[in-house]
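The values are calculated or read from the model by the stated rules, or taken from the named source; none is laboratory data. The structure presented is a predicted model; accordingly, all values stated were derived computationally and were not measured. Backbone-built Cβ (ideal geometry, glycine too); neighbour counts: all protein chains shown.
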Amino acid sequence: MKVFVNKRIPDNGIQILKDGNLDIIFQETENPTHEEWLESCKQADIILSVGGKNKYDKEFFDACPNVKAIALFSVGFDQVDIEEATKRKIAVGNTPDVLSRATSDVAFLLMQMVSRKVNYNTAKVKSGNWKDFHPLEELGQELYGKTLGVLGLGRIGFEMAEKCKAAFGMNIIYHNRSHNEEAEKELDAKYVSFDELVQKSDIISIHANYTPEQADLFNTSVFEKMKENLIFINTARGGFHNEKDLFEALISGKIWGAGLDVTNPEPMQKDSPLLELPNVCVLPHIGSATLEARSGMARLAAENVVAFSKGEKMPTCVNPEVYED
Ligand SMILES: NC(=O)C1=CN([C@@H]2O[C@H](COP(=O)(O)OP(=O)(O)OC[C@H]3O[C@@H](n4cnc5c(N)ncnc54)[C@H](O)[C@@H]3O)[C@@H](O)[C@H]2O)C=CC1
Ligand SMILES: O=C(O)C(=O)CO
């Protein structure tokens, strides 16, 4: 079978594909146009897909009837119309668990960077604007004993809550599709409604899976209900927050600060007004960017490809219904 790999992935993944006797098609150009990418997809039976830019929807499946499976190099699968893929019996795999530590580390890091305005303060030193010690300047806020609100307490949300509890003795509240009994037992996490989460949290960290129905979930009417000291952290997907509304909430003092690893659009425009604010820290979607996580992702994605090519079930399949008769 032919597998199309649209970006270079760690060597351990390529080795697994070679050992699985797959015929590998690599993307020839560094920044392919949509048409160039689509042409390569048309030749493949399986796509090993890196990045969130390429969408796998009805239009794509119609254009590439030969494609039988998609192995994503990500745990998030919002770039795929899963319902449509399942209808066509196209198996979709993702890369859970191996990146939970790295991604929750980034959420934890952003929370601390924002709480002490690290971004702004390092820029101050670099620009020569560090003048003198002042008792009233550059005051941050401490995180000890605060309430962390997790939206989407799954694999990554759990690890973020665990770190916040261990490091800062935080109270954990969460809103999820269902109760997370492990978190309730081990972290004393309390299930709350979305409204309660918004009103009671000192820090909100988003770790839910994104769907288009949740676009702009965090908008002015939601920011208005938050505490004034609220630190907003999004490492899930940029579509969850409305960037303009977030900016307004920050400059009007409705909330205190924001740390983003994901933006809408990505990459963020370099003239985004958010980048001018002292209590904001933006990272370029680096949640899973560690050697360890990326090699785990390469392994899982390649194993999904090989399993599918042998007629076996993908080990980490998003839509296992495709294997039912
Ligand atoms: N910044 C980065 O580099 C990375 C970002 N991510 C993002 O993190 C997300 C979460 O990953 P995992 O923790 O592995 O997924 P998961 O599936 O283990 O956890 C997500 C949880 O969110 C819940 N959920 C979904 N929609 C919800 C809603 N509207 N309200 C409340 N709860 C909701 C689900 O029930 C589930 O418990 C991914 O889908 C991806 O978008 C993942 C890895 C790296
Ligand atoms: O895995 C994901 O969903 C990412 O966003 C990148 O690792």
With THR316, THR211, THR263 as the choices, which residue is polar (S, T, N, Q) and in contact with a Pro (Cβ under 8 Å, 6 or more places away or on another chain)? THR316
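To keep it simple, each residue is scored yes or no on (1) within 16 Å of ligand 2 (Cβ to nearest atom); (2) at pLDDT 95 or above; (3) touching a Pro at 6+ places or on another chain (Cβ under 8 Å).
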site: PRO96; (1), (2), (3): yes, yes, no
site: ALA102; (1), (2), (3): yes, yes, no
site: GLN112; (1), (2), (3): no, yes, no
site: LYS117; (1), (2), (3): no, yes, yes
site: LEU143; (1), (2), (3): no, yes, no
Going by the conditions given, is GLN27 at pLDDT below 95 and either farther than 29 Å from GLU324 by Cα or away from ligand 1 (no atom under 15 Å from the Cβ) (or both)? yes
So TRP130 clears everything in (1) touching a Ser or Thr at 6+ places or on another chain (Cβ under 9 Å); (2) under 30 Å from LEU230 (Cβ atoms) except one condition, right? Which one? (1)
Which numbered condition in (1) within 11 Å of ligand 1 (Cβ to nearest atom); (2) out of contact with any Gly (no Cβ under 7 Å at 6 or more places or on another chain); (3) polar (S, T, N, Q) is the only one that GLN141 fails? (1)
Given (1) more than 16 Å from ligand 2 (Cβ to nearest atom); (2) among the acidic types (Asp, Glu); (3) closer than 27 Å to GLY76 by Cβ, where does GLU138 come up short, assuming only one miss? (3)
Could you tell me whether THR122 is part of a loop (DSSP other than H, G, I, E, B) and farther than 22 Å from ASN264 by Cα? no
Hey, TYR120 hits all of (1) buried (at least 22 other Cβ atoms within 10 Å of the Cβ); (2) in contact (Cβ under 8 Å) with a residue 60 or more places away in the chain but one; which does it fall short on? (1)
Of the residues SER49, SER40, which single one is crowded, with 18+ Cβ neighbours inside 10 Å and closer than 26 Å to LEU283 by Cβ? SER49
List the pairs whose first member sits in the range 83-94 and is within 14 Å of PRO65 (Cβ to Cβ), whose second member is modelled with pLDDT of 95 or more and within 16 Å of ligand 2 (Cβ to nearest atom), and whose Cβ atoms are under 6 Å apart, counting only residues at least 6 apart or on separate chains? ALA85/VAL92
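Here's the yes/no breakdown for (1) among the polar types (S, T, N, Q); (2) within 16 Å of ligand 2 (Cβ to nearest atom); (3) touching a Ser or Thr at 6+ places or on another chain (Cβ under 7 Å); (4) without any contact (Cβ under 8 Å) to a residue 40 or more places away in the chain:
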| residue | (1), (2), (3), (4) |
| --- | --- |
| TYR174 | no, no, no, yes |
| LYS200 | no, no, yes, no |
| LYS244 | no, no, no, yes |
| GLU248 | no, no, yes, yes |
When the residues of the range 297-318 are filtered to those that are in contact with a Phe, Trp or Tyr (Cβ under 8 Å, 6 or more places away or on another chain) and either modelled with pLDDT under 95 or part of a helix (DSSP H, G or I) (or both), which remaining residue is surrounded by the most Cβ atoms within 10 Å (Cβ to Cβ)? ALA301
Of all residues in the range 266-292 being exposed (fewer than 13 other Cβ atoms within 10 Å of the Cβ) and not acidic (Asp, Glu), the one that is nearest to ligand 1 (Cβ to nearest atom): PRO284
For residues in the range 52-78 being over 17 Å from ASN304 (Cα atoms) and either aromatic (Phe, Trp, Tyr) or near ligand 2 (Cβ under 9 Å from one of its atoms) (or both), which is surrounded by the most Cβ atoms within 10 Å (Cβ to Cβ)? TYR56
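For every residue, the table says whether it meets (1) outside any helix (DSSP H, G or I); (2) out of contact with any strand residue (DSSP E or B) (no Cβ under 7 Å at 6 or more places or on another chain); (3) among the aromatic types (Phe, Trp, Tyr); (4) more than 13 Å from ligand 1 (Cβ to nearest atom).
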{"residue": "GLY76", "(1), (2), (3), (4)": "yes, yes, no, no"}
{"residue": "THR103", "(1), (2), (3), (4)": "no, yes, no, no"}
{"residue": "ALA107", "(1), (2), (3), (4)": "no, no, no, no"}
{"residue": "LEU110", "(1), (2), (3), (4)": "no, no, no, no"}
Of (1) assigned to a loop (DSSP other than H, G, I, E, B); (2) more than 16 Å from ligand 2 (Cβ to nearest atom); (3) within 26 Å of ARG8 (Cβ to Cβ); (4) in contact (Cβ under 8 Å) with a residue 60 or more places away in the chain, PRO278 satisfies every one except (3)
Please determine whether any residue of the range 247-265 is of a type in the set (Val, Ile, Thr) and within 16 Å of the chain's Cα centre (by Cα). yes
